[in-house]
Amino acid sequence: MKLYSFIGIVSLLASAGCASVKPYERGKLAHPTMLLGDQSRAGPAHIYAIHEGAVGGDSGAKGGCGCN
Amino acid sequence: MKAQSVVTRVPRAAAGVTDLRQPLALFAFVLILVTIFIGVPHRAFAETAKPKTHAPKVPPAKKTRTTSKTRGSAASFARHHEVKPEEIYLEEDTPTEPTTPSAPVIDDTAPTASEAPAPPPPASGPKAHASFETSGYTDSDHVHVLSPSISGGLADEVAGWSVNGHYLVDVVSAASVDIVSTASPHWTEVRHAGSATGSITLDPFTVGALGVISREPDYLSLTGGATLGFDLMDKNLSPYFAFSHEADSVGRTDMPHDYWRSKHVNSLQAGLTLVLGRASIGSLQWDGSFERGYLAKPYRYVPIFAPGQGAAVGPGATIDQVNQLRLNARPNEQLPTARDRYAVSAHLAHRYTSSTLRLDERLYADSWGLLASTSELRYILDLGSRLELWPHLRFHVQGAVSFWQRAYEAIPGPGGALGVPVLRTGDRELSPLQTVVVGGGTRIKLAEPPGTEWDLVFEADVGTTHFSDALYITSRQMAYSTLAVEAQF
């Protein structure tokens with residue numbers, strides 16, 4: 001139940017924080033540096049995974065332009 | 001939209017001149033009809049775009065040139081937006097307000113409308129990309145790694161599919177304090193890792209699959225997984241999910257494979273990508289990783305001290321000091337056979353006029369009691385159209401697992417016998433530590449479209465880790481660099 005509540009709250013906050021940006025307004029969002037995937041290259045990411053006791057967080061998020 | 005703006009302007013322009021309203025309204029009505037049926041060839045775009053009545057007058061060739069001022073080709077922008085390059089031009093140059101007719105004509109040498117070549121056709125068909133990368137790592141604990149890798153793939157963003165492959169070799173040479181403390185010789189090992197991924201978009205869904213294999217003399221890892229993403233709210237909100245299963249075999253080089261131990265990891269990921277504004281995008285993500293099986297390292301031994309002696313072994317105690325105080329018994333590392341690991345992370349990207357700010361934060365907790373925070377920052381500067389430069393900062397801080405002890409003491413048993421703690425580890429990555437990494441990178445665009453895109457990428461980082469409660473060392477300094485050549489054709 002707590003998990004569902006958490007997901008619901010996150011979804012509501014996300015929806016509230018989400019702007020309505022039209023496709024023709026996404027020039028900056030489409031810039032390659034705006035891709036939300038993990039910024040670390042494969043090598044450093046491997047090093048961090050070994051040297052830190054934590055894992056996860058490497059973003060599976062797609063596209064900078066929001067249009068995938 | 002375009003027609004509506006004209007209508008709204010007319011009354012403002014005619015304010016106070018009531019006798020002109022009827023002819024102006026008639027003119028506006030006629031203009032609407034002309035706009036709808038004749039004036040704007042890209043009707044779908046005109047329905048949503050800001051007023052830009054001058055755009056159709058600009059020769060197509062000039063529009064494409066203007067678009068190419070930004071990074072990436074007009075075609076790549078077109079694929080992102082699923083509109084034609086001419087329409088992208090309008091977006092790039094009219095972010096908020098309509099501009100004058102002369103604004104787009106920035107290149108005096110551009111051909112006139114009469115002599116302009118036909119605009120490039122909308123990009124379609126697959127594009128290939130390939131890269132070759134070599135990385136080098138070295139640290140003050142005498143560990144050196146050389147990692148050449150190659151990757152390649154095909155992607156058709158219009159059709160919505162992609163396939164990618166990656167192959168990496170790690171050559172590790174180590175004489176770390178952990179190795180020396182067990183009187184083991186310096187060793188060199190080679191790891192091979194390959195991965196393949198693919199995805200297909202069936203609007204609004206994108207599904208993907210991945211497979212990874214990693215092989216070294218004493219470790220075999222196989223991973224398979226799937227991803228699902230979809231778009232909501234006009235693609236301003238994109239949830240995504242991922243699942244993977246990893247099956248590992250862990251052994252020793254001198255041990256028959258039949259005696260190797262197994263480890264399984266199920267990983268889940270759920271996240272949301274949010275468009276926060278015209279120049280900002282972010283994501284929130286939850287990760288769960290559930291490890292089961294043999295989670296220790298077969299080569300790792302843990303020194304055991306007599307009851308009451310542990311406090312005498314301070315942080316950073318040398319090998320000699322440890323050897324003088326420890327008991328003869330030196331059992332293998334032993335860890336719980338289950339570990340549930342959770343991370344919540346936020347990623348933010350903001351694009352300024354000629355730079356991009358990237359911020360990432362991860363909060364981590366697991367069932368072994370380890371808590372951690374990782375923060376990362378990149379600020380990517382465009383220094384001209386062919387050069388990017390970025391500083392990079394990463395900070396990681398973590399506590400210890402619940403069973404961590406710098407110096408494990410034997411447990412007195414009946415009859416004077418001594419036992420050893422059931423859970424014991426010498427893995428200082430499970431101890432309290434803080435890491436700061438500072439570095440930077442650069443991307444040089446050697447060749448741009450049309451033709452093959454060639455990029456040269458160089459990154460270098462230096463870092464230091466402080467161990468506040470570990471044997472042998474209290475800090476470790478590291479340096480890391482990568483040189484990559486990327487091509488897209």
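The values are calculated or read from the model by the stated rules, or taken from the named source; none is laboratory data. What you see is a predicted model, and the numbers here were worked out from it, not measured in a lab. Because the Cβ atoms are built from the backbone with ideal geometry, glycine has one as well, and the counts that use them run over all protein chains shown.
Laid out as a table, the results:
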read-out	value
Which listed residue, of B:TRP404, B:TRP454, is assigned to a strand (DSSP E or B) and more than 9 Å from chain A (Cβ to nearest Cβ)	B:TRP454
Residue count for the stretch B:433-468, restricted to those that are under 30 Å from B:ILE319 (Cβ atoms) and surrounded by 18 or more Cβ atoms within 10 Å (Cβ to Cβ)	7
Counted residues, the stretch A:38-66 - those being at pLDDT 85 or above and hydroxyl-bearing (Ser, Thr, Tyr)	1
Yes/no for B:ARG300 being under 25 Å from A:ALA45 (Cβ atoms) and at the interface with chain A (Cβ under 9 Å from one of its Cβ atoms)	no
Residue in the stretch B:241-260 that is within 8 Å of chain A (Cβ to nearest Cβ) and either of a type in the set (S, T, N, Q) or under 20 Å from the mean Cα position of the chain (by Cα) (or both) present	yes
Residues of the stretch A:1-37 classified as more than 7 Å from every other protein chain (Cβ to nearest Cβ) and either touching a helix residue (DSSP H, G or I) at 6+ places or on another chain (Cβ under 6 Å) or modelled with pLDDT of 80 or more (or both), total	1
Candidate set from the stretch B:274-289 (those that are within 19 Å of B:ASP366 (Cα to Cα) and more than 17 Å from the chain's Cα centre (by Cα)); member that is farthest from the other protein chains (Cβ to nearest Cβ)	B:GLY288
Hey, B:LEU471 buried (at least 19 other Cβ atoms within 10 Å of the Cβ), under 19 Å from B:ALA296 (Cβ atoms), at the interface with another protein chain (Cβ under 10 Å from one of its Cβ atoms) and in contact (Cβ under 8 Å) with a residue 60 or more places away in the chain or not	no
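For (1) at pLDDT 95 or above; (2) more than 36 Å from the chain's Cα centre (by Cα); (3) at the interface with chain A (Cβ under 10 Å from one of its Cβ atoms); (4) buried (at least 21 other Cβ atoms within 10 Å of the Cβ), each residue gets a yes or a no:
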site	(1), (2), (3), (4)
B:ASP320	no, yes, no, no
B:ASN328	no, yes, no, no
B:PRO331	no, yes, no, no
B:GLN334	yes, no, no, no
B:TYR352	yes, no, yes, no
B:SER355	yes, no, yes, no
B:PHE395	yes, no, no, no
B:PRO414	no, yes, no, no
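A quick yes/no check of all residues on (1) at pLDDT below 95; (2) more than 21 Å from A:GLY43 (Cα to Cα):
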position	(1), (2)
B:VAL143	yes, no
B:LEU168	yes, no
B:ALA174	yes, no
B:VAL180	yes, yes
B:HIS186	yes, yes
B:GLU189	yes, no
B:ALA196	no, no
B:THR201	yes, yes
B:PHE205	yes, yes
